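Please read the structure below before turning to the comments.
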Amino acid sequence: MPYQGHINPMLQLANILYSKGFNITIFHTNFNKPKTSNYPHFTFRFIIDNDPNDQRYSDLPLQGMGAFSRIIFFNRYGADQLHNQLELELSRKDEPPVSCLITDALWHVAQPVADSLSLPRLVLRTSSLFCFLTYASLPLLGDRGYLDLSENTSASLLDGLGYVDLPHNTHLEEQVVEFPTLKLKDILKMGYKKENDAIGEVIGNMVKQTKASSGIIWNSSKELEEPELETILRDIPVPSFLIPFAKHFTTSSSSLLKQDRTFFPWLDQQPPNSVVYVSYGSVAQMDKKHFLEMVHGLVDSKQSFLWVVRPGFVDGSTWLEALPDGLMGERGRIVKWAPQQEVLAHKAVGAFWTHSGWNSTFESVCEGVPMICSPFWGDQPLNARYMSDVLKVGVYLENGWKRQEIANAIRRVMVDEEIRERVKMLKQKLDVSLIKGGSSYESVESLVAYISSL
Ligand code: UDX
């Protein structure tokens, strides 16, 4: 799946398996292709969108939520090419035999293709177990009427700016009976429409074909999601392997954008836990009004900050045109893209104001950094709720972008010793899980043994 939030964990997993002795061949699209020279030890094959004149793919948006429409079309039209390329790989006599195919869970059409070739397919699910269980319950949640309000939300996942404005409704704060962790607004914020929703269809197929796979690899840990793991093991009859990828490899070599490192001398001079790191991942976009609330919230918090503003992040701007002159002062640095894991591991960073994408969320936990959560859509509202209400390692800005609430939340997270202590404990548990006998260590070993047995 050619998106930064999916490429990173897939290549981290590939690195883990390579380090255990496996040969790796990567199938990728031309859209968002990773820098192959960073991976001389892997073989790359480009499939699906090789013809620049193929209008099924060439006319699709390159930026924003619309770029995600490729998920639908790769599933709709990509099966034959996947089949042909796999057949070719299986017939090569000069290479070691193929053990299995591992695909992103969202590429669900890979399951029937793999079945037709009698090739075991493992799934990499790049979000949390909690998210998967919620997605698996969408039909039930729809039947119970929870999605009835979804027709009135302002944006569908593919045509909106990327965050979901909710209609005013007194039920929004109510708990979802089947998922007591969630409020009705969390369900609606995911952004799925009740009817005729192509992304909803992909999610449904993703769940179905993940259950039909030979095994599931999760970028997560038993230390984080033990109750969810118990449910998954009870309800899904294939092995699950939970591995905290960020504890094994960084994502630097799979970065699609150039990483700015010029701010490190400045960051090195800041006192411990004094800087707020702000980044909203690789796809989120904002309008100017909400961007200005972010700006004022940061200024009013009076904290030092390192802020990643991707080119195109503010709708209608190339980069920082919407930023009022002189307002930010000398307290912070703004960059286009950063080596995120290195930043989170830096002693000066005291909090992460995140859009709650799963990679960012888990990287933050892996480095023991508390979060301010501002989710946009999809799994993000679920991750935000889980971090704030279940693990209690973050503060959820539930009412969107309002400068006063932002400033208060940032100040609170920076001084709240309990939140910091909890997330440090979680980091320590993750570290211990990597040692022989620990859950993550055993997960890697059993994954290696499992693939070898296929
Ligand atoms: C998307 C979805 O938004 C997310 O909810 C889903 O779980 C995965 O796909 P994205 O929005 O890009 O991903 O967020 P996230 O999952 O957090 O992934 C972003 C990745 O980019 C992280 O691995 C992060 O380390 C990296 N990154 C981000 C950088 O390397 N530099 C930056 O400046 C910002």
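Laid out as a table, the results:
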read-out: Gain on full stretching of the segment that runs from Val177 to Ile47 - 0.36 nm per residue minus C-alpha separation; value: 42.4 nm
read-out: Glu95 versus Ser317: modelled label distance in nm, points set 7 Å from Cα along the beta carbon direction; value: 4.6
read-out: Carbon + sulfur, % of accessible area of the range 211-311 - ligands and nucleic acids excluded, 1.4 Å; value: 51
read-out: Rounded D (µm²/s) - the range 257-431, Kirkwood Rh over Cα pairs, Stokes-Einstein at 4 °C, 1.567 mPa s; value: 81
read-out: Centre separation in Å (Cα based) which lies between the range 337-361 and the range 74-112; value: 34
read-out: Euclidean distance of C-alpha centroids, the range 375-426 and the range 277-322, integer Å; value: 18
read-out: Projected label distance in nm at Leu117 and Lys208, using a 7 Å step from Cα toward the beta-carbon; value: 2.2
read-out: Mean separation of Cα contacts under 8 Å (6+ apart) over length of the range 16-119, as relative contact order %; value: 20
read-out: Cut-off of 10 Å, at most 13 other beta carbons, DSSP loop: longest stretch of the chain lacking such GluC sites (Glu not before Pro); value: 1-172
read-out: Beta bridge orientation in the chain: antiparallel %, DSSP, nearest 5; value: 5
read-out: Total formal charge among the other residues, if their Cβ is under 10 angstrom from that of Gly316, Lys/Arg +1 and Asp/Glu -1; value: -2
read-out: Flagged links, alpha-carbon separation over 30 Å, of Lys211/Lys336; Lys289/Lys427; Lys33/Lys247; Lys258/Lys288; value: Lys211/Lys336; Lys289/Lys427
read-out: Stretch gain in nm, segment Ile24-Glu405, where the contour uses 0.36 nm per residue and the Cα spacing is subtracted; value: 132.4 nm
read-out: Gyration tensor verdict on the range 51-144 (Cα atoms; rounded if a/c is under 1.5, prolate if a/b is larger than b/c, oblate otherwise); value: oblate
read-out: Using distinct alpha-carbon pairs, which all enter the 1/r mean, Kirkwood radius of the chain in Å; value: 22.7
read-out: Inter-site label distance for Leu233 and Thr262 at 7 Å from Cα along Cβ, in nm; value: 5.1
read-out: Accessible area per residue, Å², the chain with all protein chains present, probe 1.4 Å; value: 41
read-out: Asp104 long-range amide H proximity, modeled H, under 5 Å; value: Leu124
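The values are calculated or read from the model by the stated rules, or taken from the named source; none is laboratory data. Bear in mind the structure is a predicted one, so any value in this text is a computation, not a measurement. Cβ sites come from the backbone with ideal geometry, for glycine too, and all protein chains shown count toward neighbours. For accessibility, only protein heavy atoms count, side chains too; no ligands or nucleic acids. Shrake-Rupley method; radii C 1.70, N 1.55, O 1.52, S 1.80 Å.
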